[in-house]
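The values are calculated or read from the model by the stated rules, or taken from the named source; none is laboratory data. Please read all numbers here as calculations on a predicted model, not as lab measurements. Here Cβ is always computed from backbone atoms with ideal geometry, including for glycine, and neighbour counts include all displayed protein chains.
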């Protein structure tokens, strides 16, 4: 059985270095995500510079902690109680597992599984100015509408006359099944991010295409073009849907979220 002095030295080493090591690894991961362009999968672009600066400071502080000589004035201190040691080791273990997960699990965007947990379009804007701007927008402006603009319009009006001459063009998003009629309807979905992925909310435009899942399984990224019309589905409560002229599977964009 290890001598108390040996155990005490090991415990003090764990206490001293666990925080430094974990912070250094997390900072390095953050810098790697930023360098590879994947940090945007976790936070809003406006916070990237701040996050990178903080990560650099953390790395510098970790290096300074390692390089700074330390007085050995705590070698005579008794070991903490077993319960305190257990709690400390458990906390270090959980932090290490989290850090290892960040290294092993590749960065990924939020998907259908998250969208199904957060009601689609629950946070779509009721901004009357957006609707007014859409009503007077020219063809070029309408062609640039994203899922955000169309979800806002659909939330505020079901007047078919409003959509005359306003087709959706190359609407980009991932496929999410409509909960009322998953056989005939899917949503072209995007997550809108205010601060980070934690607060991401799904927005979507309903598309009527019976048998869609055979061609475009959930989470497939697609571009959809077509016109808006009354919903032919008898099961869905959605009034207006996009009747597609073209649906094309595409690669996930480098910035999958709407900011």
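Just to be sure I understand, how many residues within the stretch 202-219 are crowded, with 18+ Cβ neighbours inside 10 Å and closer than 26 Å to residue 142 by Cα?
Residues that pass the stated criteria total 10.
How many residues are in contact with a strand residue (DSSP E or B) (Cβ under 9 Å, 6 or more places away or on another chain) and part of a loop (DSSP other than H, G, I, E, B) when one looks only at the stretch 211-235?
9
Would the stretch 202-221 turn up any residue that is at positive phi and in the same structural domain as residue 149 (by TED's automatic domain parsing)?
So far as the stretch 202-221 goes, yes, one or more of its residues are at positive phi and in the same structural domain as residue 149 (by TED's automatic domain parsing).
What are the residues in the stretch 109-151 that are within 30 Å of residue 22 (Cα to Cα) and modelled with pLDDT under 70, if any?
The answer is none; no residue qualifies.
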